Amino acid sequence: MKSINIPLKLINLQDDGFHLLVEIIVFKQKHFAVLDTGASRSVFDKGLIEQHLSETLQVSDEINAATLFTTTTTIQATIPDLKIGSIKIKDYETVAFDLQSVSETYQQFGHPPIMSIIGGDILMQYKAVINYDKLTLKLYR
């Protein structure tokens with residue numbers, strides 16, 4: 001099994017503790033995602049998904065992801081290409097939430113906007129190992 005080391009960015013959100021960010025590429029653009037080992041699935045920002053996939057969206061009133069964020073409406077979509085380091089995920093089935101308020105909080109503290117939360121589904125599939133000392137995310141193909 002080949003492993004890939006991906007650099008992480010550690011940010012301090014005042015009294016909210018530390019968050020780890022990882023750079024992802026989606027829709028051929030670089031974005032930052034929060035690594036969230038407590039989230040059962042990865043989610044993406046609703047605005048980002050609507051901007052690129054408006055013709056193929058499905059709206060659902062069920063909550064399909066257990067994350068820090070609650071919502072009454074989720075959008076289901078398929079992202080054609082998701083890249084984390086050199087790991088390429090094709091046709092990733094996802095749900096989208098409005099992450100605008102989260103992103104704004106990050107930006108208030110001088111951090112980059114957040115377009116995604118990488119959760120347990122991807123972390124488990126690629127046998128993720130997080131090294132806080134070296135600030136790396138190791139994924140296995």
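Residue count for the stretch 107-141, restricted to those that are of a type in the set (S, T, Y) and part of a loop (DSSP other than H, G, I, E, B): 2. Residue pairs whose Cβ atoms lie under 8 Å apart, separated by 6 or more positions or on different chains, with the first residue in the stretch 112-141 and within 19 Å of I79 (Cβ to Cβ) and the second part of a strand (DSSP E or B) and among the acidic types (D, E), are I114/D45; M115/D45; S116/D45. In the stretch 70-88, the condition of being of a type in the set (A, V, I, L, M, F, W, C), at pLDDT 95 or above and within 14 Å of L8 (Cα to Cα) is met by at least one residue. L135 satisfies every condition listed in (1) surrounded by fewer than 17 Cβ atoms within 10 Å (Cβ to Cβ); (2) under 27 Å from D15 (Cβ atoms); (3) at pLDDT below 90 except (3). With a requirement of 1 or more residues that are charged (D, E, K, R), touching a strand residue (DSSP E or B) at 6+ places or on another chain (Cβ under 6 Å) and closer than 17 Å to T78 by Cα, the strands (runs of 3 or more DSSP E) lying completely within the stretch 1-46 that satisfy it span 43-45. Among the residues that make up the stretch 60-69, is at least one of them at pLDDT 90 or above, loosely packed, with under 15 Cβ neighbours inside 10 Å and either more than 12 Å from the chain's Cα centre (by Cα) or hydrophobic (A, V, I, L, M, F, W, C) (or both)? Within the stretch 60-69, not a single residue is at pLDDT 90 or above, loosely packed, with under 15 Cβ neighbours inside 10 Å and either more than 12 Å from the chain's Cα centre (by Cα) or hydrophobic (A, V, I, L, M, F, W, C) (or both).
Scanning the stretch 83-106 for residues that are in contact (Cβ under 8 Å) with a residue 40 or more places away in the chain, of a type in the set (D, E) and assigned to a helix (DSSP H, G or I) turns up nothing. Scanning the stretch 84-123 for residues that are hydrophobic (A, V, I, L, M, F, W, C) and surrounded by fewer than 15 Cβ atoms within 10 Å (Cβ to Cβ) returns a single hit, F109.
The values are calculated or read from the model by the stated rules, or taken from the named source; none is laboratory data. Quick caveat, the model's predicted, so the values are computed rather than measured. Ideal geometry is used to build each Cβ from the backbone, glycine not excepted, and the neighbour counts take in all protein chains shown.
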